[in-house]
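Data block below; observations after.
The values are calculated or read from the model by the stated rules, or taken from the named source; none is laboratory data. Please read all numbers here as calculations on a predicted model, not as lab measurements. Virtual Cβ from ideal backbone geometry, glycine too; neighbours counted across all protein chains shown.
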């Protein structure tokens with residue numbers, strides 16, 4: 001495993017990667033959507049850093065999860081909030097950590113219930129690479145390979161910090 005970068009470095013990498021990709025694709029006015037909870041914290045910071053004037057959206061994918069029938073409903077379900085129309089828009093979808101790809105699949109299913117975006121760019125602070133679905137981030141602050149006992153957790157929102165935990169902590 002490589003060393004886990006600090007939160008400021010992760011945010012810098014993610015911001016720089018997104019700026020570069022937006023310029024490369026000629027996207028001038030994207031909207032930002034964070035996946036609850038950590039993705040919302042990151043989207044809030046990135047929106048300010050990228051100078052996106054529209055408020056960012058918030059997705060709670062609880063009803064779209066493919067393990068809903070097995071694990072039950074999250075007791076803290078809150079409504080998604082998209083303060084803009086997604087139809088034909090270029091969307092930057094933000095999550096804190098990507099592993100299997102299942103959270104992103106659920107988020108895209110929900111997004112398409114709101115309309116058909118022109119494009120979706122996926123950004124994440126940490127890419128753990130253990131995919132179960134063929135979903136990859138366009139930009140990641142850092143890619144890590146963890147051993148079976150390790151987990152990465154974003155804590156926040158103030159201060160925002162990333163922690164590497166051993167199983168059972």
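See the values below:
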{"item": "Qualifying residues in the range 152-165 (those that are assigned to a strand (DSSP E or B) and more than 16 Å from residue 3 (Cβ to Cβ)) - the one nearest to the chain's Cα centre (by Cα)", "result": "154"}
{"item": "The range 1-30 - residue that is within 15 Å of residue 161 (Cβ to Cβ) and more than 16 Å from the chain's Cα centre (by Cα) and, of those, modelled with the lowest pLDDT", "result": "4"}
{"item": "Residue within the range 81-89 that is modelled with pLDDT under 95 and under 18 Å from the mean Cα position of the chain (by Cα) present", "result": "no"}
{"item": "Where residue 27 falls short, out of the listed (1) part of a helix (DSSP H, G or I); (2) touching a residue at least 60 places away in the same chain (Cβ under 8 Å)", "result": "(1)"}
{"item": "Residue match in the range 102-109 (condition: within 18 Å of residue 14 (Cα to Cα) and either part of a loop (DSSP other than H, G, I, E, B) or touching a residue at least 24 places away in the same chain (Cβ under 8 Å) (or both))", "result": "yes"}
{"item": "Total residues in the range 111-137, condition surrounded by fewer than 20 Cβ atoms within 10 Å (Cβ to Cβ) and touching a helix residue (DSSP H, G or I) at 6+ places or on another chain (Cβ under 6 Å)", "result": "2"}
{"item": "In the range 86-110, the residues that are touching a helix residue (DSSP H, G or I) at 6+ places or on another chain (Cβ under 6 Å) and at positive phi", "result": "none"}
{"item": "Enumeration of residues in the range 111-137 that are more than 26 Å from residue 7 (Cβ to Cβ) and under 14 Å from the mean Cα position of the chain (by Cα)", "result": "111"}
{"item": "In the range 32-48, residue surrounded by the fewest Cβ atoms within 10 Å (Cβ to Cβ) [restricted to those that are in contact with a helix residue (DSSP H, G or I) (Cβ under 9 Å, 6 or more places away or on another chain) and closer than 17 Å to residue 138 by Cβ]", "result": "46"}
{"item": "Scan of the range 54-71 for residues that are more than 16 Å from the chain's Cα centre (by Cα) and either closer than 14 Å to residue 38 by Cα or modelled with pLDDT under 90 (or both), ordered by number", "result": "63, 66, 67, 68, 69, 70, 71"}
{"item": "Selection count where residues are within 16 Å of the chain's Cα centre (by Cα) and without any contact (Cβ under 8 Å) to a residue 40 or more places away in the chain, scope the range 138-151", "result": "1"}
{"item": "Members of the range 110-145 found to be farther than 18 Å from residue 60 by Cβ, in contact with a strand residue (DSSP E or B) (Cβ under 7 Å, 6 or more places away or on another chain) and not in a strand (DSSP E or B), listed by number", "result": "117, 118, 128, 129, 137, 138, 144"}
